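Reading through the structure tokens given below for one structure.
Values quoted throughout were computed directly from the atomic coordinates according to the rules given, and no laboratory measurement underlies them. Note that the coordinates shown come from a computational prediction; the quantities given were computed from them, not determined experimentally. Cβ placement follows ideal geometry from the backbone for every residue including glycine, while neighbour counts extend to all protein chains displayed.
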Amino acid sequence: MSHPDAAASALEESITLQQAKKLIQCMAHEQSFLLLAPPGVGKSDMVVQAAREANLPCRSLLGTQIAPEDVSGIPRIVGERSVFCPPRILLPERPEPFCLFLDELPACAPDVQKAFYSLLLERRLGEHQLPAGTWVVAAGNRMQDRALVRAMSSALVNRVTILNVRVDHDEWHAWAAKSGVRPEILSFVRAMPDALMRPVPADPVPFSTPRAWALLSRALDLAQGAGVLTRETRRALAFGRLSSEDAAVFCALAEELIGVMQPPVFYVEHPQALPKSDAGRWFVLNCIRQQVRDETLSGIKPRVIERFLRSLPPEHQLTLLTDLVAQWGALGADKAMFDLLKNVARF
């Protein structure tokens, strides 16, 4: 008999967008998928890309904007019988395979969800069968995302394979670099990875997501191209797209013109490269502190750690060391910490 905790942990299993794409490409012609993730992760773009790579046209239905008859079709009289005529988007006149993308499926009204039952399981609309090889892929947000999601019936859940999708930093950076996302955004998110995807806030305010960063990059490009990118317009665009804390730090760094950020380990190995401005230096030191806290700053020789700490003013050393003495000690900073303690004790 399985343990309840094991069942709960299974519900939390997640995969990246690229992993989900590979599963869709090899199975969606036979099995239906439902991708669940917070807003702004990139589910819709991934499905479109997966279909394009498979040379399938992608037709989308937005769950919140359709009625049951938009799925089952409307009746017409043929002889002495009524025949339901499915809409062209679901059953094209040419019987060629395509990708049917049901966006925001969990937000559909219960009657609409019910209308999808035979489509999801049997690839059938009444008496009409979808063309062989057609994909059926749905996507939506989770109940905890505060995105007007409705409870899904057990009958619907049992007709799809649910894939919980998470953000992967390496995948996003690879996509963003190829898609022309601005260098200052790439370096900011690389140095501050938590800023890529913030939790959905309780209030209806902007929050940082992969989509928000990509759209901010495009907005900054447009503003710069039009000659209207100023301190005020940058702040308006950033605070209109991102979590307020991310927008504030991003704008402060952009206004300080500190240049392209390097990974935190670079500054530990080259302390002379630390930004000269207070905002830039605070940001880099905070990133280093975060990596030490998360125990992801590794592979650096103790003498390099010692040299880095000793290169900083005492107040900056204290900022880095507070509540993290054990972690810095594990990195080999014992001597530097002891000397700092002696210096502080003199005052």
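Toward the positive end of the charge dipole of the range 191-332, with +1 on the Cβ of Lys and Arg and -1 on the Cβ of Asp and Glu, the farthest Cα among Gly240, Leu196, Leu318 is that of Leu196. Computed from Cα atoms, the angle from the helix 210-225 axis to the main principal axis of the chain rounds to 80 degrees.
The charge dipole of the range 286-347, taken about its Cα centre with unit charges on the Cβ atoms of Lys, Arg (+1), Asp and Glu (-1) only, comes to about 260 debye.
Is the range 230-298 best put as rounded, prolate or oblate by its Cα gyration tensor, with a ≥ b ≥ c the root eigenvalues, rounded for a/c under 1.5, and otherwise prolate when a/b is larger than b/c, oblate when not? Oblate shape, in that a/c is at least 1.5 and b/c is the bigger or equal ratio. The modelled label-to-label distance between Arg52 and Tyr117, using points 7 Å beyond Cα along the C-beta direction, is 3.7 nm. Compute the angle between helix 43-53 and the longest alpha-carbon principal axis of the chain, please, reported from 0 to 90 degrees and rounded to the nearest 10. So the inclination is approximately 70 degrees.
DSSP beta bridges fully contained in the chain are about 25 percent antiparallel. Largest GNM mean-square fluctuation across Arg198, Arg303, Arg211, computed for the chain with C-alpha springs under 10 Å, falls on Arg303.
Per-residue Cβ neighbour counts within 10 Å put Cys251, Cys108 in the sequence Cys251, Cys108, beginning with the fewest. With a Förster radius of 56 Å applied to the C-beta separation of Arg307 and Asp45, the computed FRET efficiency comes to 0.80. With N the number of residues in the chain, Rg(Cα) / (2.2 N^0.38 Å) evaluates to 1.29. In summary, the convex hull built on the alpha carbon positions of the range 166-207 has an orientation-averaged projected area of 3.5 nm². Listed cross-link partners Lys178/Lys276; Lys22/Lys178; Lys276/Lys342 are compared with a 25 Å cut-off, the Cα-Cα value being larger for Lys178/Lys276; Lys276/Lys342. Taking Cα centre as origin and charging only the Cβ of basic (Lys, Arg, +1) and acidic (Asp, Glu, -1) residues, the dipole magnitude of the chain rounds to 500 debye. Listed from fewest to most Cβ neighbours within 10 Å, the set Ile162, Ile305 follows the order Ile162, Ile305. Can you tally the net charge around Gly332? Count Lys and Arg as +1, Asp and Glu as -1, for every other residue whose Cβ sits under 13 Å from the Cβ of Gly332. Charge balance near Gly332 sits at +3. Shape annotation for the range 170-345: C-alpha extents along the principal axes are 55, 33, 28 Å, from largest to smallest. Just need log10 I(q)/I(0) for the range 100-185 at q = 0.13, 0.25 Å⁻¹, Debye formula, equal scatterers on the alpha-carbon atoms, no solvent, rounded to two decimals. Scattering profile of the range 100-185, log10 relative to I(0): -0.58, -1.24.
Quick check: net charge around Gln49, other residues with Cβ under 14 Å of its Cβ, Lys/Arg +1 and Asp/Glu -1? Local net charge: +2. Could you tally the net charge around Ala212, taking each other residue with its Cβ under 13 Å from the Cβ of Ala212, Lys/Arg +1 and Asp/Glu -1? Net local charge, Ala212 excluded: +3.
Shape summary: the range 117-164 maps onto an equivalent ellipsoid whose semi-axes, from the alpha-carbon gyration tensor, are 25, 12, 9 Å in decreasing order.
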